[in-house]
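Student: Here you go, one structure.
None of the figures in this text is laboratory data; all of them are computed from the coordinates on show. Everything quoted here is computed from the prediction, not taken from an experiment. Ideal geometry is used to build each Cβ from the backbone, glycine not excepted, and the neighbour counts take in all protein chains shown.
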Amino acid sequence: CDKSKMEKFSKFSNFICSLLNLNFLSTFGVNYYFLLLGGKLIDFVDQGWLEYYGSQKLYILMKKEAMITQKIFNNNMMIFLTMFLIWIVMLIF
């Protein structure tokens, strides 16, 4: 009686352990092509250009636009009140 329970547990344990690898096996073909294309992108595209057009360029543009906006509104209450009035008029109509 003891041996049969141990054998059932062993089979059940092997089945559960084999399920852990199922996730890797079912997505192996899908992930492979994305990883391959990512490697080719790194090989063929210069990283400096990606940095110039990517996040660093976006940061520089946002900083530049914020500085322009700061210059417009810097100690210029009349422009601020005029733009606020235009916004209120647009909101009403």
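Student: Starting from the Cα gyration tensor of segment 46-93, take the square roots of the eigenvalues, sort them a ≥ b ≥ c, and report rounded, prolate or oblate (rounded when a/c is under 1.5, otherwise prolate if a/b is larger than b/c, else oblate).
Tutor: Verdict is oblate for segment 46-93.
Student: What is the helix-to-structure angle for 77-92, meaning the angle in degrees between its Cα long axis and the longest Cα principal axis of the chain, kept from 0 to 90 and rounded to the nearest 10?
Tutor: The answer is roughly 70 degrees.
Student: What number do you get for the chain when its Cα radius of gyration is normalised by 2.2 N^0.38 Å, N = residues?
Tutor: So the chain has a normalised radius of gyration of 2.53.
Student: If you don't mind, another one. Under 10 Å, Cα contacts only: if you run a Gaussian network model on the chain, which one of LYS71, LYS11, LYS40 comes out with the highest mean-square fluctuation?
Tutor: LYS11
Student: Within the chain, how many lysine pairs that are 8 or more places apart, or on different chains, have C-alpha atoms less than 24 Å apart?
Tutor: The number of close lysine pairs in the chain is 4.
Student: Identify which of PHE12, PHE80, PHE44 has the largest mean-square fluctuation in a Gaussian network model of the chain, with springs joining Cα atoms closer than 10 Å.
Tutor: In this elastic network of the chain, the residue with the biggest mean-square fluctuation among PHE12, PHE80, PHE44 is PHE12.
Student: Also, quick follow-up: Could you work out how far helix 2-20 tilts from the main Cα principal axis of the chain, as a 0 to 90 degree angle to the nearest 10?
Tutor: For 2-20 against the chain, the angle is about 30 degrees.
Student: Comparing LEU36, LEU58, LEU81, which has the greatest mean-square fluctuation in the GNM of the chain with Cα pairs linked when under 10 Å apart?
Tutor: LEU81
Student: Rounded to the nearest 20 Debye, what is the dipole magnitude of the chain about its Cα centre when Lys and Arg each give +1 and Asp and Glu each give -1 at the C-beta?
Tutor: Magnitude of the dipole: close to 260 debye.
Student: For every helix of n ≥ 4 consecutive DSSP H residues, a contribution of -39,500 (n - 2.57) applies; sum these over the chain, divide by its total residues, and give [θ] at 222 nm rounded to the nearest 500 deg cm²/dmol.
Tutor: Computed mean residue ellipticity for the chain: -30000 deg cm²/dmol.
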